[in-house]
1. Note down the nm distance, to one decimal, between modelled labels 7 Å out along Cα→Cβ at LYS188 and at ASP107.
2. Give me, ordered by chain and number, the residues 5 or more places off ARG185 or on other chains with an amide H under 5 Å from its own placed amide H.
3. Report the label-to-label distance for ASP204 and ILE121 in nanometres (one decimal), using points 7 Å from each Cα along the Cα→Cβ vector.
4. Rounded, prolate or oblate: which fits the stretch 102-148, taking a ≥ b ≥ c as square roots of the Cα gyration tensor eigenvalues, rounded meaning a/c under 1.5, else prolate when a/b beats b/c?
5. If r is the Cβ-Cβ distance from TYR166 to ASN218 and R0 is 22 Å, what FRET efficiency results, to the nearest 0.05?
6. Mind ranking ARG113, ARG47 by accessible surface for me, highest first, 1.4 Å probe?
7. Provide the per-residue ³J(HN,Hα) series for the stretch 175-184, in order, calculated from phi with Karplus coefficients 6.51, -1.76, 1.60 and θ = phi - 60°, each as a whole number of Hz, with x at glycine and proline positions.
8. In sequence order, what are the phi-derived ³J(HN,Hα) couplings for the stretch 55-64 according to the Karplus relation 6.51 cos²θ - 1.76 cosθ + 1.60 with θ = phi - 60°, rounded to whole Hz, with x for glycine and proline?
Amino acid sequence: MGCWWEGVDECRLLIAPDFCPFVTDPGANGDGSARLLSLRHPKSGVRTSFLLSNGLLQELHWFKQSYGSWFLGNYVSEDGSLYIATPIDPVFIMLPIFEEARMKKVDDPGKFRQLDEILFINDYPGYQHLFSIAENCMQVVCEIKEIGSSKFFRLDDMKVLVWLYYKVCQLKQTLPALDKNYAAREQKDTLADAVSILGEYLKDEPWLKLLCNHFKLNLLEAKRMASDFEVCATAIESPIGSNLSQGKNTREKKTATNVKQAKKAKVETESRNIKEMFTRASRRKN
């Protein structure tokens, strides 16, 4: 499903499950609508775009070939990029936030804190929209104390490790079904692949290191294997208006300049003429 806003100069193509009309005004009522959120990436901490729709948090990925455009009805989108929204377990997003909030020390497991305190992050109001999601999902990795009607959360290392172990087991079962070549691999290699994929969403300290130690894997090897996986670029964000921003990951920086110049030349000589042709045809029909 697509959406159109009057007065918007450019559009972007997004593929997402259970898509709803966007809400881009932070103060608007977002019940039953999709909302773009600016959150920290759980691995790098970089400002990243996520999509919240019908209570489902989704990660935005960005893909673009060197040349291409999209035909959207009678409109030609000169930008041929594609955004794909895929569901992500909110616990990954919350882990670094809850880790900072408990203020753990060597001999002190940290403090219990309320959700409104934990989710108040300077320059990231998007976390405020995840209150109900965090309250439900973080119970699996946190100790919880209730005082009256208030709940206080503190991250629990053992619960996090158990949750990560479960995620690794899920991936070990899923990978062979995705690629028949995994059937010929040793169990240890498949295990290392599963850990390296999770490592894309975990900080090295403490979680990825603890996970590698638990499975007796080399941390550096797991990180190297993770860099070999081809994944769509995450939608790393610049400020968003009513359009999706064009994200680029670091692997694309080397070729970004040449691609941009070549693409611009094609837009000026071809796509613009096609767009004008449709405009004239629509006017004649009216």
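The values are calculated or read from the model by the stated rules, or taken from the named source; none is laboratory data. Here the structure is a predicted model, which is why all the values come from computation and not from measurement. Backbone-built Cβ (ideal geometry, glycine too); neighbour counts: all protein chains shown. Keep in mind that these areas ignore ligands, DNA and RNA; they rest on the heavy atoms of the full protein, side chains included. Shrake-Rupley method; radii C 1.70, N 1.55, O 1.52, S 1.80 Å.
1. 4.0 nm
2. Residues meeting the criterion, in which the H sits 1.01 Å from N, do not exist here.
3. If labels sit at ASP204 and ILE121, their model points lie 2.1 nm apart.
4. Judged from the Cα gyration tensor, the stretch 102-148 comes out oblate (a/c at least 1.5, b/c at or above a/b).
5. Step by step, r from the Cβ atoms, then E = 0.50.
6. Descending accessible area places them as ARG47, ARG113.
7. 4, x, 6, 7, 9, 5, 5, 5, 5, 8
8. Coupling constants for the stretch 55-64: x, 10, 8, 10, 8, 8, 10, 10, 9, 8 Hz.
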